[in-house]
């Protein structure tokens, strides 16, 4: 072992054994984490660029999963592969008794042709549903995975004093919306169920060095519907001879916006967006159908069911008034992410200690979705937002021009490693 690592280990052990304050112990641990993060950083940057260049779509993350599994094996973790498809689980047993805590990171990329011009930009093609797509980490999952590998590196080198167990979860298919659920169904916690779970998601509105957080409801239910308004069709010069599905569909679009603004409490965030409306083939033909697709965003189970019932009522009533037949398919998708307030409070305290408190900022809830929600249903969980916006950048997540600032990687490693350590230390102390 290098002399510098030996000195670090000795400093950590002494700091933990001496009858000093909890604050002094925390500072000792933070310094060890910071030093080990700096030591691991060059390799982590290499790994991040490799993952980015070889981006893989949901349910196809075989290369990334193998990279993660092999890396964890070199650290001495117990590893399970092919969990819920291409998922990987790594178990790090600490040298001291204590509870178990989990960290999750997602691995999949998006079907986007990358336009960043980076020297390690993805040029991979992938086939899905018989079509060829570009592949790009336009949602920052390469950063998530790299940060988790960094956290496992740091804690593995400190495991003699680690008060408990860390379960690392490398998850596939977050963009598909069911990767977490697939892992849960496949026994992701066969090593043991953690008492709590933590995760990051990159934030494209904050610079590296900033951590944002949302206690309570943080990300929305991702539901939606497909609606076909049906007619026999007729000549555009004689609209009285048939039902016009375009007019009925347009009335439904407007009525749904009125419903949200007039029937839903202003304190219960709700969004209904009809993002697809297709009908007709010529200006003088009233078509036999209009097809609409919408996304519906809410928080909590009660609210998602309330809004679904109101949408079904609105569609039924307007079609009945026009004498139109219809077919409605309504789907409940990924549930909303609820950050446990007490757990989030602990994570925020740790982040404020590791960074500058002014760089730990409370954020408003967002209407985006995240299937980390499935883990949050199983155990108390907290999803933190990691600033990755490069100076002067404007491209957002899911853009072919999105670039993440690699300076966020050591920030994420230090904050999450300290968060997991603090969680275990508090419970082990009890």
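Hey, does the range 313-322 have a residue that's surrounded by fewer than 18 Cβ atoms within 10 Å (Cβ to Cβ), touching a strand residue (DSSP E or B) at 6+ places or on another chain (Cβ under 7 Å), without any contact (Cβ under 8 Å) to a residue 24 or more places away in the chain and not assigned by TED's automatic domain parsing to the domain that holds residue 203?
Looking for residues that are surrounded by fewer than 18 Cβ atoms within 10 Å (Cβ to Cβ), touching a strand residue (DSSP E or B) at 6+ places or on another chain (Cβ under 7 Å), without any contact (Cβ under 8 Å) to a residue 24 or more places away in the chain and not assigned by TED's automatic domain parsing to the domain that holds residue 203, one finds none in the range 313-322, hence no.
Which pairs do you get when a residue that is on the phi > 0 side of the Ramachandran plot and in the same structural domain as residue 278 (by TED's automatic domain parsing), found in the range 243-255, comes within reach of a residue that is surrounded by fewer than 15 Cβ atoms within 10 Å (Cβ to Cβ) and in a helix (DSSP H, G or I), reach meaning Cβ atoms under 9 angstrom, with the pair 6+ apart or on two chains?
So the pair list comes out empty.
Which of (1) modelled with pLDDT of 95 or more; (2) farther than 30 Å from residue 236 by Cβ; (3) outside the structural domain of residue 364 (by TED's automatic domain parsing) is the odd one out, the single condition residue 267 does not satisfy?
Unmet condition: (1).
Among the numbered conditions (1) modelled with pLDDT of 95 or more; (2) more than 26 Å from residue 325 (Cβ to Cβ), tell me where residue 249 comes up short.
Only one criterion in (1) modelled with pLDDT of 95 or more; (2) more than 26 Å from residue 325 (Cβ to Cβ) is unmet by residue 249, namely (2).
Output the number of the condition that residue 76 fails; it satisfies all remaining conditions of (1) in contact with a helix residue (DSSP H, G or I) (Cβ under 8 Å, 6 or more places away or on another chain); (2) on the phi < 0 side of the Ramachandran plot.
(2)
Yes or no, residue by residue, for (1) free of Cβ contacts under 8 Å to residues at least 24 places away in the same chain; (2) crowded, with 20+ Cβ neighbours inside 10 Å:
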residue	(1), (2)
63	yes, no
78	no, no
83	no, yes
88	no, yes
94	no, yes
97	no, no
113	no, no
124	no, no
141	no, yes
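Only one of these is in the same structural domain as residue 168 (by TED's automatic domain parsing), more than 19 Å from residue 205 (Cβ to Cβ) and buried (at least 21 other Cβ atoms within 10 Å of the Cβ): 379, 360, 413. Name it.
None of the others qualify; the one that does is 413.
Just name the residue that is farthest from residue 129 (Cα to Cα) out of those in the range 170-185 that are modelled with pLDDT of 95 or more, surrounded by fewer than 24 Cβ atoms within 10 Å (Cβ to Cβ) and touching a strand residue (DSSP E or B) at 6+ places or on another chain (Cβ under 9 Å).
My answer is 182.
Based on this model, can you work out whether residue 229 counts as in a strand (DSSP E or B), buried (at least 22 other Cβ atoms within 10 Å of the Cβ) and without any contact (Cβ under 8 Å) to a residue 60 or more places away in the chain?
Considered against the rule, which asks whether it is in a strand (DSSP E or B), buried (at least 22 other Cβ atoms within 10 Å of the Cβ) and without any contact (Cβ under 8 Å) to a residue 60 or more places away in the chain, residue 229 comes out as no.
Of all the residues that make up the range 197-223, how many are assigned to a strand (DSSP E or B) and on the phi > 0 side of the Ramachandran plot?
So the count comes out to 1.
Listed here are the residues, each with its yes/no results for (1) modelled with pLDDT under 95; (2) out of contact with any strand residue (DSSP E or B) (no Cβ under 7 Å at 6 or more places or on another chain).
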position	(1), (2)
14	yes, yes
26	yes, yes
32	no, yes
47	no, yes
68	no, no
72	no, no
85	no, yes
109	no, no
115	no, yes
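Go through (1) over 19 Å from the mean Cα position of the chain (by Cα); (2) in a strand (DSSP E or B); (3) within 15 Å of residue 207 (Cα to Cα) and name the single condition residue 393 misses.
(2)
The values are calculated or read from the model by the stated rules, or taken from the named source; none is laboratory data. Note that the structure is predicted; figures quoted are calculated from it, not measured. Because the Cβ atoms are built from the backbone with ideal geometry, glycine has one as well, and the counts that use them run over all protein chains shown.
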